[in-house]
Amino acid sequence: MCQKFLSKHHLLANQYQARDILAAFLDEMKRGLAGQPSSLAMIPSYVSVPEEAPQDEKIVVLDAGGTHFRTAVVRFDRDSVPRMDYFADHPMPGVTAEVSREEFFDLIVDYLRPALRESRRLGFCFSYPALIDPQRDGKLLCWTKEIKAPGVVGERILANLSRALERRGLERPANMVILNDTVASLLAGVTATGFSPEYNYLGFILGTGTNTAYIESNARIKKAPGLPAHESMAINCESANFNKLDRGDIDLALDRTTSSPSQYIFEKMISGAYLGSLCSRVLQAAAEEGVVSRTANALVEKLETLGTPFLGDILAGAPESESAFADEAGQERETVRTILSEVVERAAVLTACNVAAPIVNLAEAGSRKKKYCVCADGSVFYRLHSFRERAEKHLTEILKPYGVEYKIAQVEDAPLIGAAVAGLVA
Ligand code: BGC
């Protein structure tokens, strides 16, 4: 009964064939690089992999994430180890209430101000789709992760930040660079291998949102013909918007309630901003169809409000979730776990395809390097019960035919460290 329910709503992981999804990903990547219509924006970052660590210079770094906005001052010591001299954590503007363009940038100035005097350099890690120009400012294409600041869409982030600083009589840093969080993560991975040239580097995020970045040779970035042909740069795939997938009716219903219906549908099936709500809706449907009884109601509500961490508690059988089941739940516990576990398994398959796509793209393009360092960041990947193991199992399986080796690198504060590298040397 449970399997029939999952299958009917297109929630079974084996209804998503990795080989087909990977092929569609590769096709969309090529189209995106060629400037043809594609769900993958494949945004050039104008950042490449540095050969060595920056030396003993401070930089102010900002990290606009899905829920948090972090400010820090970072420097690499004489042994190339990153050190953090200052750190502050604030809510991301526009997460809870809508803010105007001015309010958005004024808040960032408030967050930045205590660190501003520490350095004339600024690295800004920005976890949203932004078109980067060769001067390394970025124009916001759209908000994702339900951020409410419509006036910022279409705006150049660093130019606006400079104006906001001027309005407050503050001097703008002389040297500023903006980069996507996946590109920052990729660069953090380079610090984790001691700047080893042996690897192809990838950045991967699965937290509030999801995405990948990798290093592409300029000659293959057909939509930007003037680039030095023998060099390479990081590409932000914006894979959260991948849309060559059949979804079920519950996915479609959730999508309709978001601030960007039909956009970023891949992310809505797997990332932390949506997974709790999705599971809540799945359980609601299961209750309506008699697959679980009404005892699931408390879980439905809690999943909606507490989101992905609560989903993890249910899967792990943590006391916080056990008390939400009615005493008489009995067998129902298992049914609920089977259903939710399958939604997570589906997310793991899709995540494996997401990470595999840039690796296979490079392998098929004849990359001489067979070793891949995937610097992964994000709460869902590391903290959602059993997720990492599941995703890695699928990734290993998908990559088998390609004769490559990969390792996952976990770098503390990867977005901040990577933004520091970009601002100091990349
Ligand atoms: C954004 C990406 C970002 C990813 C991970 C997505 O919603 O569009 O730019 O890299 O989340 O934070």
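What to note about this one:
- Just one of the listed residues (318, 348, 391) is crowded, with 18+ Cβ neighbours inside 10 Å and more than 16 Å from the ligand (Cβ to nearest atom), namely 348.
- Selected residue (only one of 93, 129, 82, 50 is crowded, with 16+ Cβ neighbours inside 10 Å, at negative phi and not assigned by TED's automatic domain parsing to the domain that holds residue 160): 50
- There is no residue in the range 222-233 that is at pLDDT 95 or above, within 21 Å of the chain's Cα centre (by Cα) and either within 16 Å of the ligand (Cβ to nearest atom) or crowded, with 24+ Cβ neighbours inside 10 Å (or both).
- Filtered residue count, the range 155-182, keeping only those that are in a loop (DSSP other than H, G, I, E, B) and open to solvent by 40 Å² or more (accessible area, probe 1.4 Å): 6
- Test: residue in the range 231-241 that is polar (S, T, N, Q), touching a residue at least 40 places away in the same chain (Cβ under 8 Å) and farther than 24 Å from residue 371 by Cβ: yes
- Of the criteria (1) within 16 Å of the ligand (Cβ to nearest atom); (2) outside any helix (DSSP H, G or I); (3) touching a helix residue (DSSP H, G or I) at 6+ places or on another chain (Cβ under 8 Å); (4) not β-branched (Val, Ile, Thr), which one residue 148 fails: (3)
- If the condition is being farther than 19 Å from residue 109 by Cβ, crowded, with 22+ Cβ neighbours inside 10 Å and of a type in the set (Val, Ile, Thr), then the range 53-79 contributes only 74.
- Residue within the range 186-205 that is at positive phi, open to solvent by less than 30 Å² (accessible area, probe 1.4 Å) and at pLDDT below 95 present: yes
- Of the residues screened, residue 98 is not one that is part of a helix (DSSP H, G or I) and either away from the ligand (no atom under 14 Å from the Cβ) or modelled with pLDDT under 95 (or both).
The values are calculated or read from the model by the stated rules, or taken from the named source; none is laboratory data. Remember, predicted model here, so these are calculated numbers, not experimental data. Ideal geometry is used to build each Cβ from the backbone, glycine not excepted, and the neighbour counts take in all protein chains shown. The protein model used for the area step is the full one, side chains on, heavy atoms only, and it has no ligands, DNA or RNA in it. Shrake-Rupley method; radii C 1.70, N 1.55, O 1.52, S 1.80 Å.
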